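Let me begin by presenting the structure, written as structure tokens, before commenting on it.
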Amino acid sequence: MIFGKMWSALRAQLNKVANFFWSTDPIAQMQYEYDTAVEELKTGRVGLEQYRALVERVTLQVARDKKHVDQLAAKVKAYLQAGDRETAAKFALELQQAKEELAENQTQLEMHEKAYGNNVTKIKHANDKLAKVRDKIKRYDAEIKMSRAEAEMAKLAQSFDFDVTTDFGQIEAVIEDKISLNRAKARVAADLSEEGLEDVQREQAMESALAADALRQFEVEMGLVTPETVNVPQSEKQLGPVERQTQVES
């Protein structure tokens, strides 16, 4: 009685351990049960093959018995026709024993064939059930993974609350402030770059005009153009050495 209680307690603890593993990874447990069943079916199939070999031997024995019965019947008829009743009676007795043996073997064959057929049906049914279990394992595995992903997404959505009161929202606000400040600096730099632009442009225009006047003056002095051509007054033309000598002689 003490051993019975101890065994009950041990079995309860083993059940707890089994339940723990089942709850931790039920898909793995289902896969283990499936693999175990497949191995048992493989063993059963080997046994079925051996049993079928026995059926085949009985079938061959029945075929030999039928042939033996036919041969004995032919001998009985032959000796009767020959008038040898004594020999015919001898083969008739042997024929009677052969028929009894044939009947017994036929009964055994029918029994073995029926048992074999039943086992084949059971194994086929077990294969069908295992195929359904395999499909269930795949479906359950996919559903568990999907449900885990959905749960993670739900937790992620809760932790990533984009409210300004959360840490993430505050960090986002700091980033936006930095972006705005950088843009403001760029705008100010662009606006300041336009200061004094008109003065620079006027100074450049004045330098261009002075350069053009100096070029025209050079052309007049070199005699390349006349003052009338460039609208330069005659009084503004500087006299060369020949013109100065003419004015002195006069």
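Some points to look at:
- Options THR121, THR107; residue that is among the β-branched types (Val, Ile, Thr) and more than 30 Å from ALA37 (Cβ to Cβ): THR107
- Test: ILE123 is assigned to a helix (DSSP H, G or I) and within 30 Å of ARG148 (Cβ to Cβ): no
- Evaluation of LEU210 against (1) at pLDDT below 75; (2) assigned to a helix (DSSP H, G or I); (3) not assigned by TED's automatic domain parsing to the domain that holds TYR34 (one fails), failing number: (1)
- Exactly one residue out of LEU95, LEU109, LEU72 is closer than 30 Å to ASN119 by Cβ, assigned by TED's automatic domain parsing to the domain that holds ASN119 and in contact (Cβ under 8 Å) with a residue 24 or more places away in the chain, and it is LEU109.
- Screening the candidates ALA92, ALA88, ALA98 for the property of being surrounded by 13 or more Cβ atoms within 10 Å (Cβ to Cβ), at pLDDT below 90, farther than 30 Å from MET30 by Cβ and among the hydrophobic types (A, V, I, L, M, F, W, C) yields one hit, ALA88.
The values are calculated or read from the model by the stated rules, or taken from the named source; none is laboratory data. Computed from a prediction, not measured in an experiment: that's the story for all the values here. Using ideal geometry, Cβ is built from the backbone for each residue, glycine included, and neighbour counts are taken over all protein chains shown.
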